[in-house]
Structures are given as C-alpha cells and as structure tokens.
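The values are calculated or read from the model by the stated rules, or taken from the named source; none is laboratory data. This structure is a prediction, so every number in the text was calculated from the model and none was measured. All Cβ positions, even for glycine, are placed from backbone atoms using ideal geometry, and neighbour counts span all protein chains on display. What goes into the accessible areas is simple: the full protein's heavy atoms, side chains included, and nothing from ligands, DNA or RNA. Shrake-Rupley method; radii C 1.70, N 1.55, O 1.52, S 1.80 Å.
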Amino acid sequence: MFEDTARHYIGGAWLGDAPHGLMPVENPSDGNVFAQAPYGSAELASQAVMAARHAFESTEWASNPRLRATVLLNFADELERRADEIADLLARENGKVYAQARHEITAGYSEARYYAGIARNVFGRTFESGPGKMSLMTREPAGVVSVIVPWNAPVTLLVRSVAPALAAGCSVVVKPAPQTPMTNAAVMSCFDRVHSMPAGIINSVNEYGTEVGTVLSTHPEIDVISFTGSSKTGKIIMANAAETIKHVSLELGGKAPAIVFDSADLDTAVAEIKRGALALNGQMCTCISRVLVLDSVYDEVRLRLRNAFEQTKVGDALTPGVELGPIIDKPNQERLLGIIDRADQEARMVVRGTTGGNDLSKGYFITPSMFEIDDVTHDLVQDELFGPIVSLERFADEAEAIEKSNATRYGLAASVYTRDLNLSMRMGRKLKFGTVWMNCHNRLLAEVETGGYRESGIGRLHGTEAMNDFLETKHIYYESGE
Ligand code: NAD
C-alpha cells in the first residue's frame, strides 16, 4: 500500500481518494520525486478530530491500561520487524544517512516499549483529611491530543509524543511535516497492523500549508497539543491554543553550544563535536551549532576541527560510509548558502561549505562550514541556522564560558568537555539548558526527560514526566456522613 502514496488515516481506515490533489515527495539526495501524498484540508482535519473524540468516548481505551500496553508492545514489534525497510524509506525521504535512520527506528520501538511499561504504572493517591473523609486523586487521560511533528526525525519525534499519549489513555491526531509523509504513513501502518487497537484512537492527516495544523491547534475537541518544531511556529500554536485553554507541550528550536576546556580529552571532544554538529546534516534541534573554546587550546581545537570538517564524506544518504547526506530540500539548501555567504562577509571563515561540486549537483548537498566570530549578539550566533554550519568562539575563563553560552534566547541542549569533575558539575548547574552532556553530545534516551528552557519550549518529553502532558489529576472527595 505504501509503495508510492502516503494516505490519510482516519477512523481506522486509509482514505483512498485525494480530493485536494497530490503533493510530490522528493528524495533530497537526487532531487527525484519518488512518491506522492494527498493534500489535507480543514475538513479532513476536523473529521480526524471527531474520529479521535468518538474513539476516546466510546471505547474502553481510556480505562484499560493493559490493552494500551499490549497495543504499544505490538506496535513496537511491528516497527522492529519492518525496521530496515522504514529506515531505507526515511533515508530516501529526508536525507538522513542510513545508519542514523536505522538508529532512529531502533529508538522508536525502544520508546514504545518503555511507555508500554509506564501504561501499567499510572497510579493516583489517597488522602484521609479526617474520620470518614477521604480524597481520591485519580490520574485520568486528558482526552484528544494533536501531535504535530517536523521532518527531521519523523519516527522518533512522532513516537516520543504518541507513545506517552497512548499510554495515558488519550486518542491522537497526527500531522506530519510536508517533507516526510511517507515515513509517517509507514509508522501509521505499523499501528494499523495492531488489531486490538480500537479504530480512531490514532489518526493522521497530511498537509502542505497550515490549514490542518490550524484546525489541530484550535479545534474545541482537542484537549492537548504536543508540538515539535520551530520556536516561530510554537508561538503561533500557543496563541491558537489560548482561545480554548488547551494544554501545550512545545519542543522547539535550539542553538546548542559545545564548551571545550583545556582539561578536555581533545580527541574525544573533536570527534563528539564533529558528530554532534553534523548529525542529520546539522538539521537537528540539539545539534551543536556553537563551539566555544578556552583561549589556551583554541588554536589546537580550531585546527583539528577544520581538518575533521574538511574530511567529512558527503553524499547520497544510502551510500555506505557517507557521513553527511543532503539538506532536506532546495529552499533550505538556498537559505543555507545565503548564510554561508553572510558568514564569509561578516565573520572569519575557517571552512567554507559548498554544494559539493558536480558529483553531487543533483541533490541538495552542502559540505560543512565553520566560521570564527567574536560578537555574541550577531544573528549568526543568535539564530538557529539548522544546517552543517558552526560558529567558533573564544572564552578566557569559566565565567565567560557560562555568560557566552547562555547568551541566546534558546535553552535546549549543551555539552561540556573537561576531565575535571568539579568543573563539569559547576557548568552543569550554571548552564540554562534542558540537557547538559559531559564529554559527549546528543545522548537521548527514552527513560530520561528532554525539553527546553526559554524559547526552546515548555514541558518535557521522554521519561515519566512526559506523561504529565497527557494526564489530568482529578480530586474525588468522599464523606461518609457518619
Ligand atoms: P516548523 O515549525 O516549520 O514545522 C514543524 C511542524 O509544524 C510541521 O509539521 C509544519 O507543517 C507544522 N506547522 C507549520 N506551521 C504551522 C501552523 N501555523 N500551525 C500548525 N502547524 C504548523 O519546523 P521545521 O522546519 O519543520 O523543523 C525544524 C524546527 O524544529 C527547528 O527549529 C528545530 O530546532 C525544531 N525541532 C525541535 C525539536 C525539539 O525536540 N525541541 C526536535 C526537532 C526539531
């Protein structure tokens, strides 16, 4: 069914027709259209919301945690069974190199299994305020959830919202990004194979513009919005949600610094920074986009990183050995080339990225770039660039490292490189980021919370705290009257 068309999935059925036409799905490694997806509409979005509402109110889903656990486990098994095929599709659709795409699928089924366990561990509390006076605090599913995700990790970002929502007993309407409807449909088809899941508990509607997303953030029958995407769109979602006071969980943009001290193991630091900056071609919210280095090791780190960036193997996401695939699409390739031109004029280029020459001319490639800059207020330091481009900045001491690292409006993730444990602990406490890694970068785990400070978001996903977005706490009070 998914060979070349990603259909909407509503009320447990695939929609066969495409009343609003078909959008092309491109492979960014060669620019070829290899699939298509029907456009969504406000009407289809409303239909999906009502299907989710009906399933939530009329089935045993909300009150049967063992059923929910079984569904999540069966879904995880199906995703694992089809892991190679879906990883291949993901690499073709968003340009993530195959090894990273395969890792993403593994993380997806691991996450689903984790929340299957959590589904059976949602407990309330009781409190006795006096003789014959009893309070029950129950944890109940919040209702219908819209899950809006970006293209950069369409499996893990989807599963990390959908799995806790389902574990909590909610029903869901998904909206994938326009660039990755095929991978999304493949994940939906894994749910479709789980026959014990009541129809309408999960639904999905594609779209190209903002019509579907607007319905999913304003519809009165939506109780919770779990959004992952840019801070700019997050602000629109939050404003939309205000009208009907929805719960919002926002996982937004980032501008992760990597901070290198002279006490670092430089081999580890350079390898981690290269990997952390170039994972998914630099198009990951947690990717390293700033490298801050202590004066005394600055020249050494600069030289080593320059060599590492220059030696990066760029190419088709499915070619073995390739480290850096293409940028997601042509508009983003053009946007990044413009940023490189600006960095060349307004900062000092260390490695200048290019489209990779004739060999790569059909795809949307950009080789890695690094520029030196001193002004932390410059847009190039302040804004999320979302590509294989990093700034290199100096600091004189620990205080300046903290001040410069915290000097953007984002607060998603950071990493610190030092073998001095006391220094790591001090940095860990002073950095205003939801995650701080020591001597490594991008270690994301199903079991531990992730999320942003400041304009990087609200709420936490992964771990037990993710359940908070999808549960209401109710107080039921009983008085015996005796
Ligand atoms: P985006 O905000 O443009 O789009 C994200 C999703 O929102 C897409 O599905 C898009 O179609 C939808 N959308 C766009 N406008 C909308 C509207 N008005 N109403 C409702 N939905 C709307 O982001 P993108 O370019 O697809 O993804 C990259 C961004 O996502 C980066 O900023 C990145 O940092 C962020 N991101 C954050 C995390 C995290 O965990 N914090 C993870 C991945 C990506």
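Structure values in brief
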item: Among the candidates 56, 34, residue that is among the aromatic types (Phe, Trp, Tyr) and over 30 Å from residue 363 (Cβ atoms); result: 56
item: Which numbered condition residue 180 fails, given (1) within 15 Å of the ligand (Cβ to nearest atom); (2) without any contact (Cβ under 8 Å) to a residue 40 or more places away in the chain; result: (2)
item: Cβ pairs under 7 Å, 6+ apart, first in segment 297-309 and acidic (Asp, Glu), second modelled with pLDDT of 95 or more and surrounded by 14 or more Cβ atoms within 10 Å (Cβ to Cβ); result: 300/266
item: Among the candidates 196, 263, residue that is surrounded by fewer than 16 Cβ atoms within 10 Å (Cβ to Cβ), outside the structural domain of residue 20 (by TED's automatic domain parsing) and away from the ligand (no atom under 12 Å from the Cβ); result: 263
item: Every residue from segment 214-240 that is open to solvent by 10 Å² or more (accessible area, probe 1.4 Å), β-branched (Val, Ile, Thr) and more than 7 Å from the ligand (Cβ to nearest atom); result: 215, 218
item: Given (1) open to solvent by 30 Å² or more (accessible area, probe 1.4 Å); (2) in contact with a strand residue (DSSP E or B) (Cβ under 9 Å, 6 or more places away or on another chain), number of the condition residue 46 does not satisfy; result: (2)
item: Looking only at segment 395-415, and only at residues there that are among the aliphatic types (A, V, I, L, M) and within 22 Å of the chain's Cα centre (by Cα), the one that is surrounded by the most Cβ atoms within 10 Å (Cβ to Cβ); result: 413
item: Test: residue in segment 459-467 that is touching a helix residue (DSSP H, G or I) at 6+ places or on another chain (Cβ under 8 Å), surrounded by 23 or more Cβ atoms within 10 Å (Cβ to Cβ) and over 16 Å from residue 286 (Cβ atoms); result: yes
item: Residue among 60, 78 that is open to solvent by 80 Å² or more (accessible area, probe 1.4 Å) and over 21 Å from residue 205 (Cβ atoms); result: 60
item: Residue list for segment 295-320, filter: more than 18 Å from residue 369 (Cβ to Cβ) and either open to solvent by less than 60 Å² (accessible area, probe 1.4 Å) or in contact with a His (Cβ under 6 Å, 6 or more places away or on another chain) (or both); result: 297, 298, 316, 317
item: Residue pairs meeting the criteria (Cβ under 8 Å; at least 6 apart or on separate chains; first without any contact (Cβ under 8 Å) to a residue 60 or more places away in the chain and farther than 11 Å from residue 160 by Cα, in segment 443-463; second in a strand (DSSP E or B) and away from the ligand (no atom under 14 Å from the Cβ)); result: 443/437
item: Residue in segment 98-116 that is outside any helix (DSSP H, G or I) and in contact (Cβ under 8 Å) with a residue 40 or more places away in the chain present; result: no
item: Matching residues, segment 31-43, being under 30 Å from residue 281 (Cα atoms) and open to solvent by less than 30 Å² (accessible area, probe 1.4 Å); result: 31, 35, 37, 38, 40
item: Close pairs (6 angstrom Cβ cut-off, 6 or more residues apart or separate chains): open to solvent by 50 Å² or more (accessible area, probe 1.4 Å) in segment 1-30, of a type in the set (Phe, Trp, Tyr) and in a loop (DSSP other than H, G, I, E, B) anywhere; result: 20/39
item: Filter pass, residue 168 being within 15 Å of residue 116 (Cβ to Cβ) and touching a residue at least 40 places away in the same chain (Cβ under 8 Å); result: yes
item: Verdict on residue 186 being among the small types (Gly, Ala, Ser) and open to solvent by 50 Å² or more (accessible area, probe 1.4 Å); result: no
item: Unique residue being farther than 21 Å from residue 461 by Cβ, within 11 Å of the ligand (Cβ to nearest atom), in contact with a Ser or Thr (Cβ under 7 Å, 6 or more places away or on another chain) and charged (D, E, K, R) when the list is 243, 251, 207, 211; result: 211
item: All helices (runs of 4 or more DSSP H) inside segment 1-94 with 1 or more residues being assigned by TED's automatic domain parsing to the domain that holds residue 168, over 26 Å from the mean Cα position of the chain (by Cα) and hydroxyl-bearing (Ser, Thr, Tyr); result: 42-58
item: Pair list, Cβ < 8 Å and 6+ apart or interchain, from segment 56-70 residues that are in contact (Cβ under 8 Å) with a residue 12 or more places away in the chain to residues that are hydroxyl-bearing (Ser, Thr, Tyr) and exposed (fewer than 12 other Cβ atoms within 10 Å of the Cβ); result: 67/196; 70/196
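Each row is one residue, and each column tells you yes or no for (1) open to solvent by less than 30 Å² (accessible area, probe 1.4 Å); (2) among the small types (Gly, Ala, Ser).
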{"position": "358", "(1), (2)": "no, no"}
{"position": "364", "(1), (2)": "yes, no"}
{"position": "375", "(1), (2)": "no, no"}
{"position": "385", "(1), (2)": "yes, no"}
{"position": "425", "(1), (2)": "no, no"}
{"position": "437", "(1), (2)": "yes, no"}
{"position": "452", "(1), (2)": "yes, yes"}
